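Please read the structure below before turning to the comments.
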Amino acid sequence: QEKLFRKNYNFSNFIRSPRGFQSHQNNQMFSFSADYKFPLLYPDLNFGKSAYIKRLKTSLFYDYAWLSIPVIDKNGIIYPNDHELELKSLGIEFTSDLHLLRFFAPLEIGFRSVYRPEYQDLTFNLLLSIDFNGF
């Protein structure tokens, strides 16, 4: 991705940032992402009228991005490619496909664990999506 940085308004990134990082304003961005997704279990558990669990699945991932970040000095002069930044993250996601309260659209609910090697920290995120086309 390549774009022109302006002081007043900048378009958002077309390429998503690595998981675990916030988006940065940039002039150039190169990104690589690898995912390996696989099902863990098909339990077909029914909890009366409250929930029906169809599938448990997991995903392993690695994300990398290189960014060229502009810098604005105190006089308002923009230096377009002044700072370079590398972002790396890896982790695992556990999700489940289920129906709640006999709702027709399936839900995907789970969590993501992200490890960022440069910062040596571990974060967790809640994942939730509803697929209105998946019934």
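The values are calculated or read from the model by the stated rules, or taken from the named source; none is laboratory data. No experiment lies behind these values; they were computed from the predicted model shown. Because the Cβ atoms are built from the backbone with ideal geometry, glycine has one as well, and the counts that use them run over all protein chains shown. The protein model used for the area step is the full one, side chains on, heavy atoms only, and it has no ligands, DNA or RNA in it. Shrake-Rupley method; radii C 1.70, N 1.55, O 1.52, S 1.80 Å.
What residue, among those in region 108-131 that are touching a Leu at 6+ places or on another chain (Cβ under 8 Å) and free of Cβ contacts under 8 Å to residues at least 24 places away in the same chain, is surrounded by the fewest Cβ atoms within 10 Å (Cβ to Cβ)?
The selected residue is Leu128.
What are the pairs with Cβ atoms under 6 angstrom where one residue, in region 42-56, is in contact (Cβ under 8 Å) with a residue 24 or more places away in the chain and under 16 Å from Ala105 (Cα atoms) and the other, located anywhere, is open to solvent by 50 Å² or more (accessible area, probe 1.4 Å) and among the hydrophobic types (A, V, I, L, M, F, W, C)? Sequence gap at least six, or different chains.
Ala51/Leu100; Ile53/Leu45
Looking at region 55-74 only, could you name the residues that are under 23 Å from Leu100 (Cα atoms) and surrounded by 17 or more Cβ atoms within 10 Å (Cβ to Cβ)?
Residues satisfying the conditions are Leu56, Lys57.
Output the residue which, of all residues in region 7-49 that are touching a Phe, Trp or Tyr at 6+ places or on another chain (Cβ under 6 Å), open to solvent by 70 Å² or more (accessible area, probe 1.4 Å) and under 24 Å from Ser59 (Cα atoms), is modelled with the lowest pLDDT. Reasoning before the result, please.
Just the residues of region 7-49 that are touching a Phe, Trp or Tyr at 6+ places or on another chain (Cβ under 6 Å), to begin with: 27, 30, 32, 34-35, 46.
Still in the running and open to solvent by 70 Å² or more (accessible area, probe 1.4 Å): 30, 32, 35, 46.
Retained after the next criterion (residues that are under 24 Å from Ser59 (Cα atoms)): 30, 32, 35.
Numbers: Phe30: 90, Phe32: 95, Asp35: 97.
My answer is Phe30.
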